[in-house]
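K.L.:
Here it is, the structure, as structure tokens.
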Amino acid sequence: MPDAMVATRASDERGTAQQVDVAVVGAGFSGLYLLYRLRKAGFSAVALDEAGDVGGTWYWNRYPGARCDIQTIDYSYTFDPELETAWTWSEKYAAQPEILRYLGFVADRYDLRKDIRFRTKVTEAKWDEKAERWQLTTDNGAPVSCRHYIMATGCLSAPKPPEIDGVKDFKGEVYFTGRWPHDGVNLAGKRVAVIGTGSSAIQSIPLIAEQAAHLTVFQRTPNFALPAHNGPAPSDRMSLLQSDRAGYREQARQSMAGVPYPQQTVVSWQLSDAERRERFERAWAAGDLVHILTQLWADQAVDIDGNKIVQDLIREKIRAAVRDPETAAALMPDDHPFGAKRPCLDTNYYATYNRPNVTLVNLRQEPIKAITASGISTNGRSFDVDVIVFATGFDAMTGAIRAVHPITGRDGKSLTDVWAQGPQTYLGLTVEGFPNFFMITGPGSPSVLSNMAVSIEQHVDWVVDRLAALRDAGFTTIEPTETAQAGWTRHMADCSMVTLHRLANTWYTGANVPGKVQGLMPYTGGVGPYRSICDEVVSRGMLGFKLTGPGGATQCNDGEVVRLQPDVRLVLNLLASLNLPPIESMGAIGARAFVNEFNKGRPAGRPIGAIVDGTLPVADGALPYRVYKPATPGPHPVVVYFHGGGWVLGDEQSDEPFCRDMVRRTGMMFVSVDYRHAPEHRFPTAAEDGYAATRWIAEHAAELGGRPGPVLVAGWSAGGNIAAVTCQLARDRGGPDIAGQLLICPVTDCSFDRPSYNDNAAGYFLTRGLMYWFWDLYCSPADRTDPRASPLRGNVEKLPPAFVTTCEFDPLRDEGVAYAEAMAAAGVPVEQLKAHGHFHSSFTMVDVVITGVSGRVQMAEALRRFAGLPEVSRDEPSPGFKISAAAS
Ligand code: NAP
């Protein structure tokens, strides 16, 4: 019998299981939409919820001031256009009672309550291998037997215990913001303590202060908060929505945070102080978290310097709002980047500390010792209070899922054990070893870093569509593979290097719960990219999932869905969407014009000390060069730099962002040389120009403002080839002295038969076809084995120490590795960076491929070592250059 035909009603008897296709835990935003979609898709379903009614987080969080912090027009269901017009929000940020009414309205409109068992907690969930069903026991009524089990438990549903000694001794009233009494609390005339200054506290403190005789706030970590400016929905956002509702919603689905705002492209250092302030004041006045988190400048969330500007501007606002300077100072966050910890939206929060009946206790100076019968004692003082409000947060992301435990999957494995070292998931939706088990907004999905309403709809749609497809194809189980899950874990780690979230101790990382394993739990790659990845899994035949059915039917298309670095994936997708003709079809002149045009659109690179142009003589001509100088007093060691472009394209300015970046990181002077190009000047001109230029620069280092003595050489791609050749020629022709070589994705050999040429022949910008074209323009086949064209074929002994960077998705990868290995075998000190998930241009796309930063940090460190400069502490940037652990 098809599952859909199995009876859905709960049995009256405890012993007889209620049989359904799908059981859902939770009747909040996710659970309600799941019931709606499952029913439409022909599945029988039941939702179980401990609460007495629908609402999820909005059922429990009834503390004074509780309201959403995403504008309500965005924090709504969008699956039914008629629902959208049937409900009108009264405010920009609706308060908890209104949101709860909305969810009740939705439940009634689609008659969802008939499939919900309220006041029912799942006490155990076990996968029954033989029946291929989940068997659930509950604390209220019949057990449940279901084919599929879906956690719609929310991310912030399991309140965290207070972890403070003596709570039980307190004789007064105790409340938790996350479990606020439904009939309210009368605080009038009482002495109230609030512990915590997260979103819940910051929303409730101003209202509690208005009622209480005295309010004492116990703050451990100050948080960034900005005024909500609540009121009617802003007319600009409303008119955007009303003029094109479908377009507005679609833009939200494709955006990074689930709210339709454009992607910022201007970086902080391209703006003047006045322009930055103007943008900031506009964001402050907008009273919108997503606006201030995404619309100031492009580097604010990915770069510690760009972020610090925002921090300083907010601290200024706090200083202006709070009269007592000591209190103001205590309220200023200084231990995390803005946005790395969830910022808060407030109404009168900072001004509340100007009230005579409010005291702030800075727990960083006087930690809580204990809670006593009469109040709270710190290291220095005792505070007698009548009421303690714990606004101490949640065991986030995993707490609610694990609270249902034991969840026992295949072979008796418990989810708690499997997640002992932190949550492992595929797409944040499924877990290996737990067939037919799904999570909505689980760890590993954008969830709390997005507009939950948008993420929930995407998850529910994806899951229900998959269940329907599974059923239609005659399969009965679905489970992710180990490979797919491991790949997702790695992709999560790659994504976490892009933003600054990893630099703060927060509930995003589990740091707020003592003993919890720490690691960034939400997916930081963005809502739109995440959606496209989930869709890609489907279009690639349920990549990474094993499906089974009756009679041993199996389908498993194993693999990792994202192997590229997240920003490399975005760049390559963007390039693919431009449908550019192959560069080799443009001719050399056309290709140069194209590259020049292309380069105009990229971030120009950050300020450095000075840029000086000149020309240097070579035997039969003169070569332009450009000197990039650090801001620190010289003389600096000199790096002779050769740009990329297949010996055909580029000039002394074409890798300018890279040169500027490396000057800042190394504190060294870069001299970029415009060697002559093919086809006008074929082999060996570029190689000989490179050598001659290095010799001249070494001889004129002091005149150029550099440190006399050995120089260093560096180059990318064909420039890496010239740098490598220069080292061999310098050794063989009596100088100049070269202290080290940095070769980034170098061309080292004329052979095209290494695996990377085939694996990465197309799709990664530098194609095999383009490399053929470069070689043909530069060098006749007879000359290609000359070591000045293919340094791998030359003598690699007694070369300067080398740092060789290769990228996983680059046709040149294997010849770069081969060159490094050959030098190492010949006794040359060699360090290698084999950059996983990167492509040929990753390291030169400065401020575009953010994940290239750590590689450039390593390259800079190597150059400094080669030049005999002291190491720079990654935590304490020195004047003139910064090697920061953050994405600076
Ligand atoms: P939270 O952000 O985790 O804040 C908890 C606060 O309690 C922190 O200030 C924390 O300090 C403090 N704390 C925890 N344990 C403590 C202890 N033992 N002693 C002293 N202080 C302690 O929790 P939340 O305010 O409930 O907010 C959680 C999340 O829910 C928010 O970030 C947000 O995403 C969501 N939320 C949203 C809204 C909204 O506006 N829609 C409202 C409320 C909540 P430390 O920082 O030092 O750990």
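The values are calculated or read from the model by the stated rules, or taken from the named source; none is laboratory data. Only a predicted model underlies this, so the values are computations on that prediction, with no experimental measurement involved. When we count neighbours, we look across all protein chains shown, and the Cβ atoms used for this are built from the backbone with ideal geometry, even at glycine. Only protein heavy atoms, including side chains, enter the accessible area calculation; ligands, DNA and RNA are left aside. Shrake-Rupley method; radii C 1.70, N 1.55, O 1.52, S 1.80 Å.
K.L.:
Can you give the percent of C-alpha pairs in the range 303-356 whose distance is more than 12 Å?
P.N.:
66
K.L.:
Here's a follow-up. Given the -39500 (n - 2.57) contribution per DSSP H run of 4+ residues, what per-residue ellipticity at 222 nm results for the chain, rounded to the nearest 500 deg cm²/dmol?
P.N.:
Details: 26 runs with 285 residues, N = 888.
So the helix-based figure for the chain works out to -9500 deg cm²/dmol.
K.L.:
Only four residue types carry charge here, +1 at the Cβ of Lys and Arg and -1 at the Cβ of Asp and Glu. Report the dipole size of the chain about the Cα centre in Debye, rounded to the nearest 20.
P.N.:
So the dipole magnitude of the chain works out to roughly 1420 debye.
K.L.:
Follow-up question, since we're still on this one. Taking the Cα centroid of the range 656-691 and of the range 208-228, what is the distance between the two, rounded to the nearest whole Å?
P.N.:
58
K.L.:
Using a cut-off of 17 Å between alpha-carbon atoms, which aspartates and glutamates can reach Lys114, once sequence neighbours fewer than 8 places away in the same chain are excluded?
P.N.:
Output for Lys114: Asp12, Asp21, Asp49, Glu50, Asp53.
K.L.:
If you keep only loop residues by DSSP, which chymotrypsin sites (Phe, Trp or Tyr not before Pro) in the range 251-289 have at most 16 other Cβ atoms within 10 Å of their Cβ?
P.N.:
none
K.L.:
Please list the non-local residues whose amide H lies under 5 Å from the amide H of Leu833, H modeled 1.01 Å from N, same-chain partners needing a gap of 5 or more.
P.N.:
Residues meeting the amide H criterion: Val804, Thr805, Thr806.
K.L.:
Same structure, new question: Between Asp334 and Gln518, what is the label-point separation in nm under the 7 Å Cα-to-beta-carbon projection?
P.N.:
Calculated label separation equals 2.0 nm.
K.L.:
A further question on this structure: Which of the aspartates and glutamates could a cross-linker span from Lys171 if the Cα-Cα distance has to be under 17 Å and same-chain partners fewer than 8 positions apart are dropped?
P.N.:
Asp384, Asp386
K.L.:
Next question, about the same structure. Along the Cα→Cβ direction, 7 angstrom out, place labels at Val612 and Ser751. What is the inter-label distance in nm?
P.N.:
Going by the 7 Å Cα→Cβ label model, 4.5 nm.
K.L.:
Take the alpha carbon gyration tensor of the range 571-626, find the square roots of its eigenvalues, order them as a ≥ b ≥ c, and report rounded if a/c is under 1.5; if not, report prolate when a/b exceeds b/c, else oblate.
P.N.:
Cα axes put the range 571-626 in the oblate bin.
K.L.:
Let me ask something else. Please give the direction-averaged projected area of the C-alpha convex hull for the range 602-692, in square nanometres with one decimal.
P.N.:
6.0
K.L.:
Suppose R0 equals 22 Å. What FRET efficiency, 1/(1 + (r/R0)^6) with r the Cβ-Cβ distance, do Ser272 and Ala320 give to the nearest 0.05?
P.N.:
After rounding, the FRET efficiency stands at 0.50.
K.L.:
Can you tell which of Val538, Thr615, Leu449 lies farthest toward the positive end of the dipole of the chain, using +1 and -1 charges on the Cβ of basic and acidic side chains (Lys, Arg; Asp, Glu)?
P.N.:
Toward the positive end, the furthest listed residue is Leu449.
K.L.:
Then there's this: Given axes a ≥ b ≥ c from the Cα gyration tensor, I'd like to know whether the range 729-865 is rounded (a/c under 1.5), prolate (a/b larger than b/c) or oblate.
P.N.:
oblate
K.L.:
Please report, in debye to the nearest 20, how large the charge dipole of the range 259-394 is about its Cα centre when each Lys and Arg carries +1 at its beta carbon and each Asp and Glu carries -1 there.
P.N.:
Here the range 259-394 has a charge dipole of around 220 debye.
K.L.:
Another question about this same structure. For labels at Phe594 and Arg490 in the simple 7 Å Cα→Cβ model, what's the distance in nm?
P.N.:
3.2
K.L.:
If you average the alpha carbon positions of the range 728-771 and of the range 294-343, how far apart do those two centres end up, in angstrom?
P.N.:
Cα centres, the range 728-771 to the range 294-343: 45 Å.
K.L.:
Residue by residue through the range 721-736, what is 3J(HN,Hα) from phi via Karplus (6.51 cos²θ - 1.76 cosθ + 1.60, θ = phi - 60°)? Round to whole Hz and write x for glycine and proline.
P.N.:
4, 5, 5, 5, 5, 4, 4, 5, 5, 4, 5, 7, 10, x, x, x
K.L.:
May I ask you to derive the FRET efficiency for Asp80 and Glu132 from their Cβ-Cβ distance with R0 = 25 Å, giving the value to the nearest 0.05?
P.N.:
Result of the calculation: an efficiency of 0.15.
K.L.:
Please list the three semi-axes, largest first and in whole Å, of the ellipsoid equivalent to the range 218-260, using sqrt of 5 times the eigenvalues of its alpha carbon gyration tensor.
P.N.:
So the three semi-axes of the range 218-260 are 30, 16, 5 Å.
K.L.:
Over the Cα atoms of the range 40-93, how large are the radius of gyration and the largest Cα-Cα distance (Dmax), in Å?
P.N.:
Every Cα atom of the range 40-93 included, Rg and Dmax give 14.4, 41 Å.
K.L.:
Moving to a separate point now. Which residue, Trp87, Phe105, Gly141, has the largest displacement toward the positive end of the dipole of the range 1-159 when charges sit on each Cβ (Lys, Arg +1; Asp, Glu -1)?
P.N.:
The listed residue farthest towards the positive side: Gly141.
K.L.:
Express the carbon and sulfur contribution to the solvent-accessible surface of the range 134-194 as a percent, rounded to the nearest whole number, probe 1.4 angstrom.
P.N.:
Using a 1.4 Å probe with all protein chains present, the range 134-194 comes out at 51 percent carbon and sulfur.
K.L.:
List, in the order given, every pair from Lys40/Lys121; Lys92/Lys341; Lys317/Lys600 whose Cα-Cα distance in the structure shown is over 30 Å.
P.N.:
Pairs exceeding the cut-off: Lys317/Lys600.
K.L.:
Here is a follow-up. Tell me which lysines have Cα within less than 17 Å of Lys160's Cα, excluding those fewer than 8 residues away on the same chain?
P.N.:
Answer for Lys160, where 17 Å is the Cα cut-off: Lys168, Lys516, listed by chain and number.
K.L.:
Please report the carbon-and-sulfur percent of the accessible area for the range 486-542; probe 1.4 Å, protein heavy atoms only, DNA, RNA and ligands left out. All intermediate terms of the calculation are to be shown ahead of the outcome.
P.N.:
Details: 1130 of 1970 Å².
Answer for the range 486-542: carbon and sulfur cover 57 percent of the accessible area.
K.L.:
Wrap a convex hull around the Cα atoms of the chain, take a quarter of its surface area, and give that in square nanometres.
P.N.:
Across all orientations, the chain yields a mean hull projection of 40.2 nm².
K.L.:
Right, here's the next one. If packing is taken as the average number of other Cβ atoms within 10 Å across a peptide's residues, how do 766-772, 383-389, 725-731 rank, most packed first?
P.N.:
On the way: 766-772: 18.0, 383-389: 21.1, 725-731: 23.9.
The most tightly packed comes first, giving 725-731, 383-389, 766-772.
K.L.:
Could you provide, to the nearest whole Å², the per residue accessible area of the chain with probe 1.4 Å?
P.N.:
Ligands and nucleic acids excluded, the result is 37 Å² per residue.
K.L.:
In the range 10-116, what percent of the accessible surface is made up of carbon and sulfur (1.4 Å probe, ligands and nucleic acids excluded)?
P.N.:
Reported share for carbon and sulfur atoms: 47 percent.
K.L.:
Can you tell me how much longer the chain between Asp139 and Thr416 gets when fully stretched, taken as 0.36 nm per residue apart minus their C-alpha distance, in nm with one decimal? Don't jump to the answer; show the numbers that get you there.
P.N.:
Details: separation 277, 0.36 × 277 = 99.72 nm, distance 2.04 nm.
Full extension from Asp139 to Thr416 adds 97.7 nm.
K.L.:
Report, largest value first, the span of the C-alpha coordinates of the range 441-556 along each principal axis, in whole Å.
P.N.:
The principal-axis extents, from largest down, are 50, 28, 23 Å.
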